[in-house]
Amino acid sequence: MDYENTPEGTLVRRAQSGDETAFREIVEKYQSKVFSIIHGIVRQRNDVEDIAQQVFAKVYFSIRNFDFRSSLITWIYKITVNECFDYLRKKKVRKLVYESDMSEDEVRRVENTEPGVDRQTRADSTLARRDYIVKLMDRVSDEEKQLLMLKEVEGYSVEELSGMLRMNENTIKVKLFRARQKLVKAAQRLDKAPVPPAAA
Amino acid sequence: MHDSAMNELERHFSGDAPQSFYDHLAACPECRSEVEAMDEFSLALREFKAAPNDVPAPRLGFGNRVVAEIFDRHEKEAWGLFSPGAAFFRRIAFASLLVLASLGSFLVTRENGAGGTDAATIMAQHDAPSGHGEGNDRDQILVTLASYR
């Protein structure tokens, strides 16, 4: 069945024609997913809701441009990822509070087991690594960012991405390859240093 | 990177590349180093995955707050059409100055052309009897205005 004629396609059509109830349904349906994407990238519990609001406001104002080439969630995913990286670019990852980067369980575990100095080193290393990746992700296009995130973070296969984005599998492979190459080259240009090691 | 390696690269990142891919990497240092560099970014990107238990749940009424914000923006945009802002007032002030300057220069050139600028000269010129016309009346008014203190 053509996506446009699915129940979700109909919901989008209603939202496109200005139906506020349809838009609320979209928010209800995808708010948890959006929160999850934002928290994964930003790791700032306090800012997740603000960013999510921005995301849905963007969805509302640009839903008329949604052309049904991908599913609604794929389109919302792209908006969310861009919003998160914009946020990080503006805020500078280094300024993020250390504890917010870990789950509550992690914080408790670290507090109980690790000496203060180790904890600080670990936090610095995690933040430096995150900062570095955010900087590098700025060097790839929005589409490449979306592809990388869907593949690496969401764990979709090339076949699944091909179906979701209505692109040939080889096109997906080539786009991902170019995006990865860009990251490597950007890292070489940035400081000729490898990615900071992951915190143990 | 060789085509054969590139073709299986994404399966490698998904953890299900065929043995032939790794055989190729073992024999090709160029592909191996490129894949190793990409491996690091693949791992780094996975850090953006949220821990499912740690994601904050949307608070009650989140949808309402979103809609409220949207209407707020709508309202601001609508008022934006009618509220001129500082730039508008700057333009108005600039345009007024231009009009005043051109009007002033027009009056000065007109008075120079008439042969005298002080009120007494103008009055002397206009004391001489002359035919009454519309132009004279206008001049008369101008003289009165110019000599008025």
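At-a-glance table
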{"quantity": "Ranked A:Phe35, B:Phe88, A:Phe68, criterion: other C-beta atoms within 10 Å, fewest first", "calculated": "B:Phe88, A:Phe68, A:Phe35"}
{"quantity": "Rounded to whole Hz, the Karplus (6.51, -1.76, 1.60) HN-Hα couplings of segment B:35-42, x for glycine and proline", "calculated": "5, 4, 5, 5, 4, 5, 6, 4"}
{"quantity": "Cβ-based charge dipole, segment B:1-111, positive-most Cα from B:Leu25, B:Leu100, B:Met6", "calculated": "B:Leu100"}
{"quantity": "Order of A:Cys84, B:Cys28 - criterion: other Cβ atoms within 10 Å of each residue's Cβ, fewest first", "calculated": "B:Cys28, A:Cys84"}
{"quantity": "Cβ-placed point charges (K, R +1; D, E -1), dipole of segment A:1-91 about Cα centre in debye, nearest 20", "calculated": "360"}
{"quantity": "Positive-end extreme of charge dipole, segment A:1-91 - chosen from A:Ser71, A:Ser36, A:Tyr60 (charges on Cβ)", "calculated": "A:Ser36"}
{"quantity": "Segment B:97-108 - phi-based ³J(HN,Hα) in whole Hz, Karplus 6.51/-1.76/1.60, Gly and Pro as x", "calculated": "4, 4, 4, 4, 5, 5, 5, x, 5, 5, 5, 4"}
{"quantity": "Spin-label pair B:Leu145/B:Asp39, simplified geometry with 7 Å Cα→Cβ offset, distance in nm", "calculated": "9.0"}
{"quantity": "Cross-link pairs beyond the 25 Å C-alpha cut-off, checked among A:Lys145/B:Lys76; A:Lys90/A:Lys145; A:Lys182/B:Lys49; A:Lys33/A:Lys145", "calculated": "A:Lys145/B:Lys76"}
{"quantity": "Backbone HN-Hα couplings from phi across segment B:7-15 [Karplus 6.51/-1.76/1.60, Hz, Gly and Pro as x]", "calculated": "5, 9, 4, 5, 5, 4, 5, 8, x"}
{"quantity": "Burial ordering of A:Asp2, B:Asp137, A:Asp50, fewest other beta-carbon atoms within 10 Å first", "calculated": "A:Asp2, B:Asp137, A:Asp50"}
{"quantity": "Cα gyration tensor shape of segment B:3-51, rounded if a/c is under 1.5, else prolate or oblate by comparing a/b with b/c", "calculated": "prolate"}
{"quantity": "Lysines with Cα under 19 Å of A:Lys29, excluding same-chain neighbours fewer than 8 positions away", "calculated": "A:Lys58, A:Lys78"}
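Read-outs throughout are calculated quantities, based only on the coordinates presented, and are distinct from any laboratory measurement. Since we're looking at a predicted model, the values are computed, not measured. All Cβ positions, glycine included, derive from the backbone under ideal geometry; neighbour counts span all protein chains shown.
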